[in-house]
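Read the structure below first, then the notes.
The values are calculated or read from the model by the stated rules, or taken from the named source; none is laboratory data. A quick note: this is a predicted structure, and the numbers were derived from the prediction, not measured. Reconstructed Cβ throughout: ideal geometry from the backbone, glycine too, with neighbour counts over all protein chains shown. To get the accessible areas, we keep the full protein, side chains included, count just its heavy atoms, and leave off ligands, DNA and RNA. Shrake-Rupley method; radii C 1.70, N 1.55, O 1.52, S 1.80 Å.
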Amino acid sequence: MLLIKDTNMEILFLFMQPKLVLPIIPEHVTEKKETFGEFLNGDHLVDAPYKLEFRVNKESEIACGKKLSKGEVAQFRNAILKDYYFQMYYDDLPIWSFFGRTEEGNRADEFKYLLYKNINFDILYNNNRVIEINVWINSSDTLDITEDKEIDMEFKYSVKWRETDISFKERMEKYVMFFSTHHGRSNWFLALDPCLNVLIFVGLFSSFIFGLLKKDIVRYSLDDEESVYEQEETGWKNIHGDVFRYPKHKSWFAAILGSGTQLLALAIFIFILGLVGVFYPYNKGVLSTALIVIYALTSSIAGYTATSFYCQLDGTNWVRCLLLTGCLFPAPLFLMFCFLNNVALVYNFATALPFSAIVAIVLMWSFVMSPLLVLGGIAGKNNKTEFQAPCRTTKCPREIPPLPWYQKTIPQMVIAGVLPFIAIYMELFLVLASMWGHKIYYTYGVLFMVFVVLVIVTAFVAIALVYFQLAAEDHEWWWRSVLRGGSTSLFIFGQCLYYYFARTDMSGLMQTSSFFGYMACICYGIFLLLGTVGFYISLVLVRYLYGSIKCE
């Protein structure tokens, strides 16, 4: 069965209205029943008029005929000018082709618009299995649609079957960039080269930091009485009575940790599914479905983490903390979705979700996500443990000495976000091309390695900056560690801005709001995830430092 895929935002640099392709669709079409994931992707599949019987060659068969009006001719010219293309599936194998091409006219400032009339299908088979399908266009088999006039058009197609030795198990290698292929090796080297450079720098810098830590611990651990009386407390030891003072806005702080931990678990599960081969290119909508289902099922992790940590901080209103955790990430996501869905409805766009899909999401939130969140919160409250602080906290907070400008919050966020971003910027560009272009992304092994490097670099940068903060006798490190860890998301959003204006031709309310709306939600999720990583690794370091010395 050959399926025509309606144009959607995830496979085009340029968006196109569904009515743009109506001239080539027959009067009577059979729509394919979409899965939940296809609904989320904005996929609308219909049976195409091409009859591709197995091992039956055809030459210039008529698919359909239509008299194109002036308006429809103008629509095709616009599609050719902006390089729109169609996407089809045959035996779950995707194929693409453009509508036509342009040529220089008689004058330098003129163009001729040529519409392709005949599609040639070249299909490879092995025994009784389809292995590969390609589409090619004869450059001479075109129709000139430069003038504004009605045109009688017949769309034809040809089919040629050829036998191949490629096995059925290997047929996806054309679409998948495996490590053993040329493109796979290039992608590995392209992505991991900046990662390795950053790791080398972080390793050298970390050895310097750990050397300072060891020297400080040895110096502060002198326990003979003469040393204690003669040595005046300075540096990070001087604030041992304030370093474990609980942060302000404990409910929000615990909610961020709960949401970030949930998103970290979601990322790990998605990578596992990607590495085992669940997200094949022809598994349309599986990734979107997996994201929603796994996020709902991991709600208990968010509830447990948030309420457990909140109770450790001697919080009393754990229900409020649980509500904040349940709304911290889903609420902005839902509001953005409502806005973008309404814009898509106004523009009559394929990405607008039908009412049934919205009802399914609401039911999943009501009967899966919310109960699991509450159960996790109750479990976290009942398993309350004491906060492990090696030092006692004084009653009155110590005054923080004046800090140089580079140790203020915003400069620290800039410093903390640069190195992790440098490690991932190359692979991030490929991911953006896959999300908003017609690329197929399948190198989940590369993406997983880049993600691991991102977490490692974020952790080491957090360790270095929290050490320098404590050495400056600044004990308000709790919120600062979250902001430093999540600051990489700001650089990622900056690259999204560059990608939008420099690499795409998007314009208008629909395209702009969709791109920046979805990318803002993704960057917000990355902020919560990396902010959680930054805090937990900072907490480990602080506990290690003050647990290694004797404090009065």
Checklist line | Of all residues making up segment 163-174, the number that are at pLDDT 90 or above, under 39 Å from the mean Cα position of the chain (by Cα) and either among the basic types (K, R) or open to solvent by 100 Å² or more (accessible area, probe 1.4 Å) (or both) | finding: 1
Check: Across segment 82-93, what is the number of residues that are under 23 Å from D505 (Cβ atoms) and in a strand (DSSP E or B)?
Finding: 3
Check: Within segment 239-250, is there a residue that is modelled with pLDDT of 90 or more, touching a Gly at 6+ places or on another chain (Cβ under 7 Å) and over 21 Å from L375 (Cβ atoms)?
Finding: yes
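Pick out, from segment 424-543, the helices (runs of 4 or more DSSP H) lying fully within it that include 1 or more residues that are surrounded by 20 or more Cβ atoms within 10 Å (Cβ to Cβ), hydrophobic (A, V, I, L, M, F, W, C) and under 18 Å from the mean Cα position of the chain (by Cα).
444-471, 488-503
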Note to self: Which numbered condition in (1) over 18 Å from P49 (Cβ atoms); (2) surrounded by 17 or more Cβ atoms within 10 Å (Cβ to Cβ); (3) among the aliphatic types (A, V, I, L, M) is the only one that V159 fails?
What the structure shows: (1)
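For segment 377-393, state whether one or more residues are open to solvent by less than 30 Å² (accessible area, probe 1.4 Å) and under 30 Å from I239 (Cα atoms).
Yes - at least one qualifying residue is present in segment 377-393.
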Next item on the list: Exactly one condition in (1) buried (at least 22 other Cβ atoms within 10 Å of the Cβ); (2) modelled with pLDDT under 95 is not met by S548; state its number.
Entry: (1)
Next item on the list: Filter segment 148-169 for residues that are in a loop (DSSP other than H, G, I, E, B) and touching a residue at least 60 places away in the same chain (Cβ under 8 Å) and give the result.
Entry: D148, K149, E150
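Condition check ((1) more than 30 Å from I549 (Cα to Cα); (2) β-branched (V, I, T)) across all residues:
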site	(1), (2)
V343	yes, yes
M364	yes, no
V368	yes, yes
T394	no, yes
P397	no, no
Next item on the list: Please specify each residue of segment 389-438 satisfying the condition of being in contact (Cβ under 8 Å) with a residue 40 or more places away in the chain and acidic (D, E).
Entry: E427
Next item on the list: Check off (1) out of contact with any Phe, Trp or Tyr (no Cβ under 7 Å at 6 or more places or on another chain); (2) of a type in the set (A, V, I, L, M, F, W, C); (3) modelled with pLDDT of 90 or more for L143 and give me the number that stays unchecked.
Entry: (3)
Notebook entry, point to check: Looking at C327, C321, which one is open to solvent by 20 Å² or more (accessible area, probe 1.4 Å) and in a helix (DSSP H, G or I)?
Noted result: C327
